[in-house]
Amino acid sequence: MSTTQHRPLQMPKPLAKQGGELDDRFHAAKGVRTLLRKVFPDHWTFLLGEIALYSFIILILTGIFLTLFFQPSMSEVVYHGSYTKLDGVRMSQAYASTLNISFDVRGGLLMRQIHHWAADVFLAAIICHLLRIFFTGAYRKPRETNWLIGLGMFTLGIFEGFLGYSMPDDLLSGTGVRIAEGVLLGIPVVGTYLSFFLFGGQFPGNEFVARFYIIHVLLIPGLLLALVSAHLFLMVHQKHTQMPGAGRTNNNVVGQPMYPYFAIKTGAFFFFVFGVLALLGTFAQINPIWQVGPYTPVAISAGSQPDFYMGFLEGSLRIFPNWTWDIGGHTIAWNVLIPALVILGFLFTVLGVWPFVERWATGDKSYHNVNQKPRNAPTRTGVGMAGVVFYGIMWLEGANDLIAVHLQIPLYTLTEVARYAVFIGPVIAFWITRRICIGLQRRDAAMLEHGVETGIIQQLPNGGFAEAERPVTPEEAAELIELPPPSVTEVRSDTDENGLPAPARRGLAGRVQARAHDYFVEGISLAPPANGHTNGHGTNGHGTNGHNGHGEVESGERAAIGSGPSGDRADDEA
Amino acid sequence: MSDNDADLEIGPEERRPHRVIGTPPPAAGILTDPGRGDGEDEAPAAEPWIPADNPDPVSAKNWERVAALLFTLSALASVGFVAAYVGLEIGNKNGDVVDATLRSNLALGTALSVAMLAIGIGMVIWVRYIMPPVEVSEARHPLASDPEDRAAFAETILEGAAASQLTKRPLLRRTLLAAVLPVAAAPLIVLRDLGPLPGTSLRSTVWKKGTRLTVYGSNQPITPADFNSPGAMITVIPEGYADNDEVLAKATVIIIKMEPGQLKIPTRYNDGVNGPHTLLNSMNWTVDNIVAYSKICTHVGCPAALYEQTTHKILCPCHQSTFDAETGATVLFGPAPRPLPQLPITVDAEGYLVAQSDFQEPVGPSFWERG
């Protein structure tokens, strides 16, 4: 694809001079050129992280505007501002200044609403980005560190959002803070101390808005900025992953250069994100704080709901049974501890250790720069969907009162069902997802072997009818075929040639690891077609980890393609 | 790594995807980067890496007009934003304050949205339809360093460690560690004055013998005769504390009036394991079929503010803990572990509802020292 007309490019003199002056000082020509020509791969899911990044920038921009007018103080004032319905009402300066931002600062309501929407979009984008990374295996070596950094930002983002919507000190936000206080009190041994230190005494005190404010505008944004920088630096340094496709290997990046293509595209995307957030801030009212009045611990509005990213914690608080222990003069509030803190910790711990668990189970220590299609890792995809269902049920339960009202379902029934569904649902989701993945793999294998159905029916000389099929093109095959590294695919027999347990399966740890290995790599490995056609089941259809011809020992026993759960597998009978 | 580049010479006619989801790849083939080898001294590319012009100049010209239109629209929208900022008054000088704000919000927000989206769409048109399509490939360099570099690095570390003497002088090492750890703990110590210690403050409220129940909002004391509509629930607070949120966060009470015979409060004591048996519920603590319970939910402290008159259920709207008002606010459903504490009430000499004493157990959520 070389162009025939090749004219020399000439840098304009003033620019050349300026560039020279800069390079004299910074020795930058070579390094910056490398950066300018850096190749970025393209896929629509790669935009999810960019949405999070640009929401974060918009959060900073709108947040700076809001700090110019917001008074982070709980000193009491009697309101005499523009909003006459609250005239003469006793409230905190924080709430009064939020009313002023909304009603007396031009563009203030818009900034508030864009800021709030940006926070929701920020966390939604992070969650979608996290799911993309998980389901395509993009966290695998060498990107485990960036996975952990991402989880750190997710956690910080949740707390940042909570602190932010707690500061207006209206009835809704104060209720959220009250719940947080109840959770703090439930922590064994130090709970009351934490609560008294956070609130400067008994709830609500006169301190928490000012304290939340400085954490919200300085501490966490600073940490987030540092982590965002590290995240992006590592992404550039290690180079972005790419989706499987023609010409894409583990050793290259196919895409468009940063200058000018990616820079323009990502710049455009910033304006898109800003534009959409502006639309939301204009047309989708969010948190109309003037409607419910200032916070008082005496009152509450029905249908109180946190922002969506706190919903799963709210839901787990709602469905968890009322277990508490009174032991030796102390109260252990399991009804608060487990749903609010243990489940949160559990979720993030599982996410944090997952790359290492998978690495241990598969024994895969190689580099991965091409992402996997979710179907090609059925166990991982199943676990991911189990997690989504677990989270999703709790998240829905966070709005169980509204669901009950709108769907006419008795509230208690809904909660009772959720108490069981939160355990049963993930198991079913795991099993179904895994079967779907294996089914899709079978379809891919069939397509590689038999070709693509064209929809053209031909009449045969003998009068019969047959559908014409065309072979899979190399491009299509490149998207289907995935060759796992040898460390994953090496045959792990239960016994060695002398009938003794194989080295990999000796001892408890060995047996567990070997079982996990089989389970994780179960499924089909698709070999590339020879001459545009495939080898068929002979080499690629068989067994769980035997393929490419050297799986014969086992493939006889594990004949089924992607056989079911490990319980009915041949190695259990051996 | 450059041997992989050979794989990439795929003609454009073969790059016809069977099915495209999302962004289709540009039509042109993958260009390899001749100037991007591993070699440090490789000469710059003789050929341009990316073409200078779009292969379809007519289409590019048309799209250029569209993009120019969008950029102009964006500029106009920005002018509109300024106009809306200057021209639209907010506040309550002319009519309803919320209407004025929403009007201003609509105008400013629409202008801002159009200004941003028009730039975004225009830039996408620019990069996708005006610039020449290109797809290039870049080799990935191995992330792991060469063994020699690693060895040299290890040597540097060990040399430095030896020169620092830390490996040979355990006394120095250990005392330094002993000095640093307390310094690291210091920030935690200085946070001590963030608040007072809890002490026993969570165990009691301001209610005491003779404290009048005043209606929340009007702050007027109330007599049983005032509150003579069976099935009703009102929120009351201790007299004189209407402006004290810390007091109200624990001492807020609901009183419920029932038909004669509906109240069936059992005489209930605590288990007495951690102290003397204390009475927790009693019919003697009611007045004229009026019963008083703490409004602070025993789950995480939300006000249990909903009352269903027909079934006499008290419901906390936060997490749906449900209490039976007839039988001492016992838990019927939900995550709350304990009944809402009952406030002993009676009437004083003037006939107003007053507390007989404080609550006989801590109100609100569980905490470690609750016992």
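Just so you know, all these numbers are worked out from the coordinates, no wet-lab data involved. The structure presented is a predicted model; accordingly, all values stated were derived computationally and were not measured. Note that we place each Cβ from the backbone using ideal geometry, even for glycine, and neighbour counts take in every protein chain shown.
Points worth noting:
- In plain terms, if you count all Cα to Cα distances in region B:147-192 and split them into 10 Å steps from zero, the share in each step is 24, 27, 26, 18, 5, 0 percent.
- Kirkwood Rh and Cα Rg combined as Rg over Rh, evaluated for region A:103-226: 1.05
- Those residues of region A:57-90 whose amide nitrogen sits under 19 Å from the label point placed on A:L156, 7 Å along Cα→Cβ: A:57-64
- Chain A: DSSP helices with Cα axial extent of at least 18 Å and average Kyte-Doolittle hydropathy no lower than -0.5: A:47-67, A:108-135, A:144-166, A:171-185, A:220-238, A:263-283, A:343-362, A:378-397, A:411-450, A:507-521
- For the protein assembly as shown, alpha-carbon Rg relative to the globular expectation (2.2 N^0.38 Å, N residues): 1.14
- Simple spin-label estimate for A:L9 and B:E259 in nanometres, 7 Å along Cα-Cβ: 9.0 nm
- FRET efficiency, A:A466 to A:Q408 (Cβ-Cβ, R0 56 Å, nearest 0.05): 0.55
- Residue-normalised convex hull volume from the C-alpha trace of region A:143-191: 85 Å³ per residue.
- Distance in nm between pseudo-label sites at A:V357 and B:D99 (7 Å out along the Cβ direction from Cα): 5.9 nm
- Estimated inter-spin distance, A:L218 and B:Y269, nm [label 7 Å along Cα→Cβ]: 5.6 nm
- Computed packing ranks the peptides B:229-239, B:181-191 as B:229-239, B:181-191, most packed first, by mean other Cβ atoms within 10 Å.
- Average beta-carbon neighbours from other chains, 10 Å sphere, peptide B:89-101: 4
- Radius of gyration, Dmax [region B:204-370; alpha carbons; angstrom]: 14.6, 42
- Alpha-carbon centroids, region A:100-141 and region B:177-227: separation in whole Å: 35 Å
- Paramagnetic reach from B:L197 (point 7 Å along Cα→Cβ, amide N under 12 Å) across region A:173-193: A:193
- Orphan Cys of the protein assembly as shown, criterion: no other Cys C-beta under 4.7 Å: A:C128, A:C437
- Proxy reagent accessibility, fewest Cβ within 10 Å first, across A:E482, B:E89: B:E89, A:E482
- R0 of 51 Å, Cβ-Cβ distance A:E475-B:R174: FRET efficiency to nearest 0.05: 0.20
- Pairs of Cα atoms in region A:295-448 fall into 10 Å distance bins, from 0 up to the last occupied one, in shares of 10, 27, 29, 20, 10, 3, 0 percent.
- Loop trypsin sites (Lys or Arg not before Pro), region B:42-122 (other Cβ atoms within 10 Å of the site Cβ: 12 or fewer; DSSP): B:K93
- Residues of type lysines that A:K141 reaches as a straight line, Cα spacing below 18 Å, ignoring anything fewer than 8 places off in the same chain: A:K239, A:K365, A:K373
- With a 10 Å cut-off around each Cβ of A:321-328, the average count of Cβ atoms from other chains is 5.
- On full extension, the segment bounded by A:A29 and A:I432 gains 139.6 nm, given 0.36 nm per residue less the C-alpha separation.
- Chain B: translational diffusion in µm²/s, Stokes-Einstein, Kirkwood Rh over Cα pairs, 37 °C, 0.692 mPa s: 109 µm²/s
- Tail fraction, Cα-Cα pairs, region B:181-272, threshold 18 Å, whole percent: 64 percent
- Cβ crowding within 10 Å averaged over residues, with B:260-269, B:361-370 ranked highest first: B:361-370, B:260-269
- Peptide B:122-131 has a mean shielding of 4, counted as Cβ atoms of other protein chains within 10 Å of each residue's Cβ.
- Förster radius 30 Å - calculated FRET efficiency between A:W44 and A:R515, Cβ distance, rounded to 0.05: 0.20
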